[in-house]
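Working notes, beginning with the structure itself.
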Amino acid sequence: MQIIHSIQALRSWRAQHNDIAFVPTMGNLHAGHLALVAKARQQASQVVVSIFVNPLQFGVNEDYSRYPRTMEHDVELLQSMGVDVLFAPSVEELFPAPQSYHVEPPPVANELCGAFRPGHFRGVATIVMKLFNIIQPTIAVFGRKDYQQLTIIRGMVADFAIPVTLLAGETIRAEDGLALSSRNGFLSADERRTAPQLYAKLVEMKDLILAGAHDHMQIEQRAIDDLTTQGWQVDYVAIRDSSLAIPSPDSKQLVILVAARLGSTRLIDNIEIDS
Ligand code: PAF
């Protein structure tokens, strides 16, 4: 595996290849990322993974500085997955001057996570656009765990006619149901024992809807109350259609999204429903 730090070197490598599957990450890799890499590996002769903790997508009081950086271990994992190139630029390489042009996503970026993390998806869309322009992948793989991110990147690719095919990788869970996330490492032992309640609540809500419950506001509010009683600080629980709009009575594909904090750790998860 080649480890490339500069845009120029990446471009020289890119000029010699034409079939590239790309997995963007912020590092601290776990089995969830590796599943995306495995999916990419099946799609193209060359696999590029990026590791870049993107300052544009963190708010002022968020965890940019304490976001886990585990480069040595990440390199070993990517090597074992047969990745061809790790693109690991520095902040100075990607932002030699402060970024003054940004991708402005549509209003859906200000809802759900965007309502609690103003500017987050603008930062995500901007860095993904920049990485796409540098790497020019034919395929890019994103996780379904970040459902809102996936929706916004899909919209960006369509709206800007970016010549890349997006693929979505399934959420990988621990045996107790907790979705794998780099932020799980921030949980104390007690919080880690509580954390699976989030997915359990999503499963319970899905079962209710499949059994015919249709008062979405009541289902959401009950879930918020239950999680709050269990010690969570809930940002939102939302039942949406697959495009993240408020469902109409005819919506057949739904997704339930949740974001909640245990102590100082904010976790997100979602579950899709095909009814
Ligand atoms: O999902 C992530 O890890 C990040 O949001 C991404 C897509 C790598 C952009 O920084």
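The values are calculated or read from the model by the stated rules, or taken from the named source; none is laboratory data. These numbers were taken from a predicted model, which means no experiment stands behind them. Counting neighbours? That spans all protein chains shown, and the Cβs are built from the backbone with ideal geometry, glycine included. Side chains included, ligands, DNA and RNA excluded: accessible areas come from the protein's heavy atoms. Shrake-Rupley method; radii C 1.70, N 1.55, O 1.52, S 1.80 Å.
Annotations
- One residue stands out in the stretch 57-75 among those that are polar (S, T, N, Q) and closer than 22 Å to His120 by Cβ: the one that is farthest from the ligand (Cβ to nearest atom), namely Asn61.
- Any hit, the stretch 59-72, residues being within 22 Å of Thr165 (Cβ to Cβ), in contact (Cβ under 8 Å) with a residue 24 or more places away in the chain and under 20 Å from the mean Cα position of the chain (by Cα): no
- With respect to the conditions (1) open to solvent by 70 Å² or more (accessible area, probe 1.4 Å); (2) assigned to a loop (DSSP other than H, G, I, E, B), Arg222 falls short on a single one, namely (2).
- Count of the stretch 165-181 residues which are open to solvent by 20 Å² or more (accessible area, probe 1.4 Å) and more than 11 Å from the ligand (Cβ to nearest atom): 11
- Only listed residue being open to solvent by less than 70 Å² (accessible area, probe 1.4 Å) and part of a strand (DSSP E or B), chosen from Leu227, Leu244, Leu254: Leu254
- Of all residues in the stretch 89-102, those that are closer than 20 Å to Ala125 by Cβ and polar (S, T, N, Q) have Cβ atoms under 7 Å from Cβ atoms of residues that are at pLDDT 95 or above and open to solvent by less than 100 Å² (accessible area, probe 1.4 Å), 6 or more apart or on another chain, in Gln99/Leu56; Gln99/Thr126.
- Selected residue (only one of Asp63, Asp84 is of a type outside the set (Gly, Ala, Ser), modelled with pLDDT under 95 and touching a strand residue (DSSP E or B) at 6+ places or on another chain (Cβ under 9 Å)): Asp63
- Under the condition of being part of a loop (DSSP other than H, G, I, E, B) and surrounded by 16 or more Cβ atoms within 10 Å (Cβ to Cβ), the residues counted in the stretch 182-198 number 3.
- Residue within the stretch 136-158 that is part of a helix (DSSP H, G or I) and away from the ligand (no atom under 16 Å from the Cβ) present: yes
- Contacts under 7 angstrom Cβ, first residue in the stretch 115-129 being near the ligand (Cβ under 9 Å from one of its atoms), partner polar (S, T, N, Q) and open to solvent by less than 30 Å² (accessible area, probe 1.4 Å), 6 or more apart: His120/Gln57; Gly123/Asn54; Gly123/Gln57; Val124/Gln57; Ile127/Asn54; Ile127/Gln57
- For the stretch 181-230, filtered to residues that are within 22 Å of Ser251 (Cβ to Cβ) and among the acidic types (Asp, Glu), the residue that is farthest from the chain's Cα centre (by Cα) is Asp215.
- Residues in the stretch 5-56 that are within 22 Å of Gln99 (Cα to Cα), in contact (Cβ under 8 Å) with a residue 12 or more places away in the chain, open to solvent by 10 Å² or more (accessible area, probe 1.4 Å) and more than 14 Å from the ligand (Cβ to nearest atom): His5, Ser6, Ile7, Arg11.
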